[in-house]
Amino acid sequence: MVEARKLSKEYIRDADRVVALKDVDLEISGGEFLALMGPSGSGKSTLLHLIAAMDRPTSGQVLVLGKDPHSLAGRALARWRNVHIGFVFQSFNLIPVLTALENVALPLKLTSLSAKEQMEHATTVLSLVGLGDRLHHFPRQLSGGQEQRVAIARAIVTDPDFILADEPTGNLDAASANEILELLAALNRDHDKTIVMVTHDPHAVRFAKAIRYLEKGALRPAGEQPEDWVDRNISVVSVPSAKNSSEALL
Amino acid sequence: MAIPFSYNVRNLMVRKTTTMMTSAGIMLSVAVLVASLALVNGLRTVFANTGHPLQLLILRKGGTSELGSLLPTESFEILRSKAGMAVDGKGEALVSLELVNVANLPSVDNPKGMNITVRGINPVGIEMRSVRLTDGRWFRSGQREIVIGKSVARRYPTAKLGSRIRFGKGDWEIVGITDGGESVLNSEIWGDFNQIASDYNRQDSASSVLVRATDPVTLDALKHSIEDDRRLNATAITERDYYAGQTASGAPLEFLGIFVAVAMAIGSGFATTNTMYAAVAKRSKEIGTLRTLGFSEGSILLSFLTESMLIAVLAGVLGCVLVLPLNWVTSGVGSFVSFSEIAFRFRVGPTTIVSGVIFSVVLGVLGGALPARAAAKKEIIAALREG
Amino acid sequence: MRSCLSLVLRNTLRNRRRSSLTVASMAVSLCLLGVLLALYRGLFYGGETTPGQAKRIVVHHKIALTQELPVGYEQKIRQIAGVHAITSLRWFGGAYKDPGNSKNRFGQFAIEPASLVDVYPELRISEHEKDAFVSQKTACIASRALADRLGWKLGERIPLVGAAILPVTLDLTLVGIFDNPEGNAVLYFNRDYLRESLSASDFRRDMVQQYYVEADNKDAVPDVARQIDAMFDESSYPTKSEPEQAFMLSFVSFLGNLKVFLAVIFGAVTLTILLISGNMLSMSVRERTREVGVLKSLGFSSGEVLGMVVGEANLIALAGGLIGCGLAAALCMAMAGAMRNAPGFTSVVKGLSVSPLILTVTLGIALLIGSVSALAPGLNAARTSILDALRYNG
């Protein structure tokens, strides 16, 4: 389903040249639940962004369903993303002024469904994630775990080809994190959704079916993990702040 | 498809204070603009309503105002004998010899005294004008009696029915109040021609003659006939044109008003831009999210532009509403042609309001254009990272 | 303290766009305010009077400017104590060459040559030019502005064709060029020439439009004016005498209820600035909240922090105010130039400038707005605990 060939991404930050990804080759088949692991700065979020065509590779190519999304431009690319990708962010990124239902229905506004159909779809999906009774709540009225569930509902409402999750449990406590991971696993298992999840939480990894490791922009061959991985595996208690989030997005 | 409208509306409501402040600035700019337009509109209405379409005002050759014109009384007979004159019920030609001067009385706005047009007129002149008596009676010939227009009665405290005012060689008694609709004539004082002429030592020279043609074609011919007649040495101008030309008296105020409105608008425009930039910065993550969901650059641009326009249009409508009460306000402006005050009512009409709203829309677009573009052009990753 | 100032300056430059927009918005609004104040001053106070003008009285018909006074009044007025000199004036609206071209339009007045300089001491003209004017009946003198505009030299022949009211043609010769402080375009000629040109039956031969009286000194002016009016009060041509400045300003009343108009606009503009600029400044301050937390954690006191925040706002406000005043001054000069030759507005022109008082008031308003808008959010930021400030996500 996804084929990445010699994918590289570099950018300039404050006159420094940063290599985020170096010659990544990756294949993801349908129905997979892949976890991408690595420490901060390893490039895992960058890889996710490239697959979602939210960013352009410096060199190399990524093919999604046999097609290079970057052959499209402007509105066509935006539509492509709407149809094929469901993205889940670490900090949920729900629109604060819209209700849960409206947030979930938002991607449907770009389709040709009628308003009534849009709302029906959104309601169904929200019930699926267990929030059927919170349709008209605003994000500020929901707990972190509930917000993320709304975000997942939004990610699947267009029935995309796959779900990309960037540290989905990063801002959640252990109990909520568990719920979210169970939900993702269920989606993968019962509804055959392909999921690529970026995380540095070893507990989250257990819900995935496959793991690949990234280190300093390079993808480790399948089955291999860095030797000192166990030692470096300390869950960092992060204070939600701008500094941390931007690092995590690497 | 577009980002839902409710998204913009709700975001405006969330930052209520900022929205209201920016709105208020635009509202005041629009109010000043509409007020200025209403002033000119009111003036124009008064001048447009004065004058009969078939009537010609005869002045001394080269004269542009009744006040400065000296027409020998012989002109009256010459004009009466011309062809093409309309006649009254009795078959008499509708030709009126008139004398115009100014009197000075303390007014509501100017306690030190303001000029009022005094017109020496005969019954035929009254007949030629659509003016009716609302109070009292007409002046009698040979008597020191006058009637005043309703605006004079309203704006000059000493001018009341039955009271006396002084101009020329002495006192005059106010015996009646007239109503000319919404015209310049409401700001005039009328008296017997002969009485007024002698008071101003003008027995041999009147100011003007008013004539009426039978139809528009004759009007044109009459105009040329009069101007070409060497015995008369006169200029003929249609009554309508004569008064329309005086609208320029409001020009300084109109200019000032528009200048102020535009300056305020520029200031408000900067504020709108600033507000929208702040909103874009604050909602950076949302913009990134929306783009991720598949909304195009164009829809982001449109969405933020809509938001700034919403602020502006709301402000524009409120500004017009704020100014509506002016419709009941009467004011006066000095005409440099008649050297006297013309009373008028502010007129906030449909065109004025539409102008005000368009002004605010343009302001909204101009103010919001750059921030909207900035929002649209943001790189998805950069946008998600901000905030 | 010095480090605080540079920190304040640096902060202002941080979000350059926001700061420039705020400065721009304030500058435009304060410019408007300055212009309104200057306009008010010009229209109702007329600016500085020259010593000559301060002693001058205009005598015209009590009822209306269009009515005339007898020539005989001149002798009688001259007898009044306190009168230094008197001349009569009649406006002559003649056409010079092609009056359609605005260059050819200028003020023309018939006066008595001998007393001209006495009544208008600020007029500077050479002795022999003045003598030529007095001795030659068809002579005329023009202001330097007029002479320069039309390229006139001494000896120039200037024909003026009178219109409607005074249908005579005057054939004048330029014998002198004078300098006047107003710098407007004006021409004076001998009233006797006009008198003789009018037909014998024209009653205006013995009438004048206005008298210009120069009092002995400034303090004598009100008294002289009163005496003149008292002298002719009961006659068939009663007079109204007033200081020249007041006379010129009375034309302003023609523009309608301008005082109210200006006052309303002034209020609207001030309110707008307060709301808009004030809001923009508040926004900047609120954003600073997190930094305030950082600064306090570094050891700055609440008071020092508040001072920096308010200082920053005032810096922006002051910048806006200075630019605004500069713009206002430029605009006033432009308006004055445009109005210089408009009849009745010469005194307005004199007062139309950004005086030191206006500058102070405008800057004062700028600082007031800066302080007021920064105070509320500033105090809030200063009072917030360090942790809350760091967590602030506004």
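The values are calculated or read from the model by the stated rules, or taken from the named source; none is laboratory data. Note that the coordinates shown come from a computational prediction; the quantities given were computed from them, not determined experimentally. As a convention, Cβ positions derive from the backbone with ideal geometry for all residues, glycine included, and neighbour counts pool all protein chains shown.
Values computed for the structure shown
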item: Unmet requirement for A:LEU47, which otherwise passes all of (1) more than 10 Å from chain B (Cβ to nearest Cβ); (2) surrounded by fewer than 24 Cβ atoms within 10 Å (Cβ to Cβ); result: (2)
item: Among (1) away from chain A (no Cβ under 14 Å); (2) touching a helix residue (DSSP H, G or I) at 6+ places or on another chain (Cβ under 6 Å); (3) within 19 Å of B:MET20 (Cα to Cα), the one test that B:ALA263 misses; result: (3)
item: Any chance C:ARG14 is over 24 Å from C:LYS259 (Cβ atoms) and modelled with pLDDT under 80; result: yes
item: Odd one out for C:LEU65, checked against (1) modelled with pLDDT under 80; (2) within 30 Å of C:ALA330 (Cα to Cα); result: (2)
item: Whichever residue in segment A:111-168 is away from chain B (no Cβ under 11 Å), touching a strand residue (DSSP E or B) at 6+ places or on another chain (Cβ under 8 Å) and crowded, with 19+ Cβ neighbours inside 10 Å and, among such residues, is farthest from B:PRO4 (Cα to Cα); result: A:GLU167
item: Yes/no for C:GLU74 being closer than 21 Å to C:MET231 by Cα and surrounded by 17 or more Cβ atoms within 10 Å (Cβ to Cβ); result: yes
item: Residue tally, condition more than 9 Å from chain B (Cβ to nearest Cβ), under 20 Å from the mean Cα position of the chain (by Cα) and either free of Cβ contacts under 8 Å to residues at least 40 places away in the same chain or assigned to a helix (DSSP H, G or I) (or both), over segment A:83-104; result: 4
item: Any hit, segment B:345-361, residues being crowded, with 17+ Cβ neighbours inside 10 Å, away from chain A (no Cβ under 14 Å) and part of a strand (DSSP E or B); result: yes
item: Lone unmet requirement of (1) at pLDDT 80 or above; (2) on the phi < 0 side of the Ramachandran plot for C:LYS97; result: (2)
item: Single residue of segment A:62-82 satisfying the filter (away from chain B (no Cβ under 14 Å) and over 17 Å from A:LYS9 (Cα atoms)) that is nearest to the chain's Cα centre (by Cα); result: A:VAL64
item: Filtered residues of segment B:285-330 (kept if within 10 Å of chain A (Cβ to nearest Cβ), more than 46 Å from the chain's Cα centre (by Cα) and in contact (Cβ under 8 Å) with a residue 24 or more places away in the chain); result: B:LYS285, B:GLY288, B:THR289, B:LEU290, B:ARG291, B:THR292, B:PHE295, B:GLU297
item: Filter result (more than 14 Å from chain B (Cβ to nearest Cβ), in a loop (DSSP other than H, G, I, E, B) and not charged (D, E, K, R)) within segment C:54-93; result: C:VAL71, C:GLY72, C:ILE80, C:ALA81, C:GLY82
item: Positions within segment C:230-280 being modelled with pLDDT under 80, outside any loop (DSSP other than H, G, I, E, B) and more than 10 Å from chain B (Cβ to nearest Cβ), in sequence order; result: C:MET248, C:LEU249
item: Within segment B:137-183, tally of residues that are touching a residue at least 40 places away in the same chain (Cβ under 8 Å), farther than 30 Å from B:ASN41 by Cβ and in contact with a Pro (Cβ under 9 Å, 6 or more places away or on another chain); result: 2
item: Verdict on B:GLY63 being within 24 Å of the chain's Cα centre (by Cα), modelled with pLDDT under 85 and within 14 Å of chain C (Cβ to nearest Cβ); result: no
item: Residues that are within 14 Å of chain A (Cβ to nearest Cβ) and in a helix (DSSP H, G or I), drawn from segment B:4-45; result: B:PHE5, B:SER6, B:TYR7, B:ASN8, B:VAL9, B:ARG10, B:ASN11, B:LEU12, B:MET13, B:VAL14, B:LYS16, B:THR19
item: Top-ranked residue in segment B:217-275 [being modelled with pLDDT of 85 or more and among the acidic types (Asp, Glu); ranked as nearest to B:ASN41 (Cα to Cα)]; result: B:ASP241
item: Scope segment B:61-95; condition surrounded by fewer than 17 Cβ atoms within 10 Å (Cβ to Cβ) and on the phi > 0 side of the Ramachandran plot; matching residues; result: B:GLY91
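For every residue, the table says whether it meets (1) more than 26 Å from the chain's Cα centre (by Cα); (2) away from chain C (no Cβ under 14 Å); (3) closer than 26 Å to C:ASP233 by Cα.
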site: B:SER141; (1), (2), (3): yes, yes, no
site: B:ILE146; (1), (2), (3): yes, yes, yes
site: B:GLY168; (1), (2), (3): yes, no, yes
site: B:ILE174; (1), (2), (3): yes, yes, yes
site: B:ILE177; (1), (2), (3): no, yes, no
site: B:ALA221; (1), (2), (3): yes, yes, no
site: B:ASP228; (1), (2), (3): yes, yes, no
